[in-house]
1. Set the Förster distance to 35 Å, then compute FRET efficiency between Glu293 and Asn154 from the Cβ-Cβ distance, nearest 0.05.
2. Please report how far the C-alpha centroid of segment 363-409 lies from that of segment 142-178, rounded to the nearest whole angstrom.
3. Give me the aspartates and glutamates in straight-line cross-link reach of Lys157: C-alpha distance below 13 Å, same-chain residues under 8 apart excluded.
4. Straight distance only, please: which lysines reach the Cα of Lys324 with their own Cα at less than 19 Å, same-chain residues fewer than 8 apart left out?
5. Along the Cα→Cβ direction, 7 angstrom out, place labels at Ser328 and Glu169. What is the inter-label distance in nm?
6. So for each of 109-117, 229-237, 88-96 I average, over its residues, the number of other beta carbons within 10 Å; can you give me the resulting order with the highest mean first?
7. Going through the cross-link list Lys211/Lys242; Lys197/Lys242; Lys193/Lys271; Lys8/Lys215; Lys18/Lys64, which pairs have a Cα-Cα distance over 19 Å in this structure?
8. Taking 8 Å as the Cα distance limit and 6 or more residues as the minimum spacing, I'd like the relative contact order of the chain as a percentage.
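Rule-based calculations on the coordinates, nothing more; no lab input. These figures come from a predicted structure and were not determined experimentally. Cβ sites come from the backbone with ideal geometry, for glycine too, and all protein chains shown count toward neighbours.
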Amino acid sequence: MKKEFYIKNRKRVFDKIKDNSILILFAGNAPKKTGDEEYPFTPNRNFYYLTGIDEQAHVLLLSKFNGENKEYLFIKDIDEIMEKWNGKTIRKEEAREICGIEEVKYLSELDKFIDKLVLNKEELNIYLDLEEKNSSYDYLNKIKDRYYNISIKNAYKIIAELRLVKTEEEINRIRKAIEITIEGVENLMKNTKAGMKEYELEAYFDFVCKKRGVKDLAFKTIAATGKNATILHYVDNNTELKENDLILFDLGAQYKYYNADISRTFPVSGKFTKRQKEVYNAVLRVNEKIISEMKPGVKFLDINKLARDLIAEECIKLGLIKNKEDVSKYYYHSIGHSLGMDTHDVELEGRNVTFEEGMVYTVEPGIYIEEEGIGIRIEDDVLITKDGNEVLTKNMIKSVEQIEEFMSK
């Protein structure tokens with residue numbers, strides 16, 4: 001992204017916060033693994049959304065007093081000895097070029113800087129990202145007894161509302177992540193054989209991602225064969241593939257911190273049995289119907305209810321239930337979620353979202369029949385457009401005929 005993207009995002013945040021306020025966002029730090037080893041670092045997405053900087057420990061501070069907006073970035077102090085071990089950290093001029101903030105200071109100056117802002121005010125709002133346990137909570141514990149004149153506000157909802165609607169640049173990154181994911185799925189489909197372990201097949205997806213420069217996946221891949229596919233978040237991926245089983249893959253590449261999220265279910269043998277085909281086509285009908293209903297002005301909660309009703313009807317046709325109320329035995333999740341810098345991207349409270357142009361949502365109906373060893377989920381990524389929607393994953397095969405033809409080559 002160009003720095004104008006981050007400048008615009010910060011301007012939109014300023015428009016949402018109250019006067020007489022400061023907003024503080026933390027890049028975060030890689031958690032400790034063991035010994036001197038750390039888990040890989042990934043930036044707090046709200047910090048990244050407003051700065052474009054993906055190094056740990058830095059801090060963004062926005063101040064708004066008497067209608068005047070000011071921006072500050074606090075970066076790590078230079079430690080030339082540590083840089084011999086870990087590489088150079090970002091310099092002030094580099095940070096200015098990435099995020100467009102002119103006032104760049106060092107972290108060692110942060111506490112005194114905030115003291116001056118707070119102690120000169122009778123009352124002050126401090127906005128922190130309080131979505132989950134992160135660096136903001138550590139800071140909250142630090143300041144709640146330090147300052148008497150502050151009111152803590154949660155910045156998460158403000159930024160979440162902005163992140164729900166994607167720009168063309170963001171959508172293009174999601175498109176790229178999807179393109180890589182599709183290539184990876186096709187690679188593992190081509191190499192599916194009975195007798196393999198789930199993790200062996202998964203490796204064909206990982207290879208494509210590495211080859212295409214993907215540094216991190218959207219989430220831990222689900223590779224679930226047979227009965228394993230009836231477990232929503234199965235990640236052991238260590239079971240042997242059987243000739244007559246289906247295998248469900250739920251996976252996604254991440255491209256420059258934007259994610260794909262696709263689920264496809266296909267037969268290990270390359271051919272569906274009659275029963276597998278019946279269940280698969282039932283899920284596919286719901287997938288296609290829900291996508292056709294997605295457009296501006298439609299509420300997510302209405303779509304979610306419609307999906308549940310449709311799956312219930314399909315379960316009745318399949319002889320699984322007699323009453324719609326019993327559908328939760330075979331379908332036990334929502335129809336989808338927002339997609340973006342997080343796989344389960346920002347959501348508003350209660351998922352009370354009305355679709356707008358620029359939103360990206362997944363559509364992922366499923367039917368899970370443990371007693372038959374059949375678990376099927378079909379997931380696509382859908383962009384809400386001005387007049388309807390665009391299926392961003394349209395190039396990923398998903399009909400029975402397409403799958404069987406592709407796997408027979």
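1. Details: r = 33 Å, r/R0 = 0.93.
Efficiency at R0 = 35 Å is approximately 0.60.
2. Measuring centre to centre over Cα atoms gives 31 Å.
3. Partners found: Asp129, Glu131, Glu132, Asp345, Glu347, Glu349.
4. Lys289, Lys305
5. 4.4 nm
6. Working: 109-117: 13.4, 229-237: 17.1, 88-96: 15.1.
Ranking the peptides 109-117, 229-237, 88-96 by packing returns 229-237, 88-96, 109-117.
7. On the way: Lys211/Lys242 29 Å; Lys197/Lys242 9 Å; Lys193/Lys271 12 Å; Lys8/Lys215 27 Å; Lys18/Lys64 8 Å.
Over 19 Å Cα-Cα: Lys211/Lys242; Lys8/Lys215.
8. Details: 790 pairs, mean separation 53.8, N = 409.
Rounded, it is 13 percent for the chain.
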